[in-house]
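Everything on this sheet refers to the single structure shown next.
The values are calculated or read from the model by the stated rules, or taken from the named source; none is laboratory data. Note that this is a predicted model, so its numbers are computed, not measured. Backbone-built Cβ (ideal geometry, glycine too); neighbour counts: all protein chains shown.
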Amino acid sequence: MPALFRLVRLPNLIIIALTMLAVRYGLIETLWRKAISDFLESGFLPQGFGLHMSTLHFTLLLISTLCIAAAGYIINDYFDTKTDRINKPERVVVGRSISRRVAIGLHIVLSSIGFLLAAWVCYRLFALKLLLFQILSIGALWIYSAYLKKQMLSGNILIALLAALVPIMTGVYEFAAGSLLSLEIMNVTLDESGSKLLKTGAILVIGYALFAFLSNLIRELVKDLEDLEGDLEDGCRTLPVVVGETQARYLAMGIAVFTLMMLALIMKYLWQFELNGLVIYLAVGVQIPMLMLIHRLWNAREKSDYTRASLLAKISIVTGVLSMVVFRFLY
């Protein structure tokens, strides 16, 4: 069982689950709760306002996403066994604890379960077009593992985009579950309040998706720096191999600085709306780990430095996700 957990990257799956839960209950439900409060203060009785996607459908979507992500990690290890034996020999699972045949079988089974669960949810929501999220994800994860992982930047960007897709997909599925009618009622009843709610929700979800993209791109670049030795021996064309370790390190630091600047602008906006607690949380929980990451990369000399930098990147990702929970209690 420990080998299976390592194979499917259990900590990463937990982060994905936290992201979906935080978007649903930290952002979307909080905005609906605020809208209900505003309606009551204006003397109207809100009806049908709140989360429209049932708990059952959301749970199945969550399981579907985790199955597809787990299948992606399995196929990644399946294609990457040779490099992993050099970079992380103690963590190699495929070919040791789990045979290659079993690994590819698990990939097929999990991908199929993920697809079928999402298909059922889409059918129940009368929104089969949303199944495109799962089809693209399954195909993208295979293409990444088989072709793009060993190429310069394309694989890094693809994984970062898939990470950004998680909050966007959660928001889109909720909207497709029937929110449109409630938003139209809000518009008619109280001065375009539905459009304002939709705009605020879209800005928040896209904002977190952008953070997910940037933070995961940083981590992908740091992981390439960490795996430089094995990638060189395996003939990979990752960014550090092509342009050199120093240049790749500077690029990762540059993206981290840009992320810090973006966060600073967001924090200024939040401060104007008197969400001071959230500003303090972002400064301590997200910006400080990001600054430590930049410092670690600036002084990196050994593989262990990149390992610590990768951990700091993951901490920033987790604290960024948890900021949505903080938002729930402060907004």
Report task. Within region 29-36, identify whether any single residue is assigned to a loop (DSSP other than H, G, I, E, B), modelled with pLDDT under 90 and not hydroxyl-bearing (Ser, Thr, Tyr), and answer yes or no. Result -> no
Query - Scope region 215-258; condition in contact with a Lys or Arg (Cβ under 8 Å, 6 or more places away or on another chain), assigned to a helix (DSSP H, G or I) and basic (Lys, Arg); matching residues - result: Arg219
Query - Residue list for region 147-161, filter: within 14 Å of Arg237 (Cα to Cα) and touching a helix residue (DSSP H, G or I) at 6+ places or on another chain (Cβ under 6 Å) - result: Leu148, Lys149, Met152, Leu153, Ser154, Gly155, Asn156
Report task. Check off (1) outside any helix (DSSP H, G or I); (2) over 22 Å from the mean Cα position of the chain (by Cα) for Met152 and give me the number that stays unchecked. Result -> (2)
Query raised in the report: If only one of Ala202, Ala212, Ala177, Ala164 is within 30 Å of His57 (Cα to Cα), in a helix (DSSP H, G or I), in contact with a helix residue (DSSP H, G or I) (Cβ under 9 Å, 6 or more places away or on another chain) and without any contact (Cβ under 8 Å) to a residue 40 or more places away in the chain, which one is it?
Result: Ala202
Query raised in the report: What's the number of the condition Leu66 fails, among (1) part of a helix (DSSP H, G or I); (2) at pLDDT below 95; (3) not basic (Lys, Arg)?
Result: (2)
Query raised in the report: Based on what the data block shows, is Lys199 over 30 Å from Tyr147 (Cα atoms), basic (Lys, Arg) and at pLDDT 85 or above?
Result: yes
Query - Hey, Gly72 modelled with pLDDT under 85, of a type in the set (Gly, Ala, Ser) and surrounded by 15 or more Cβ atoms within 10 Å (Cβ to Cβ) or not - result: no
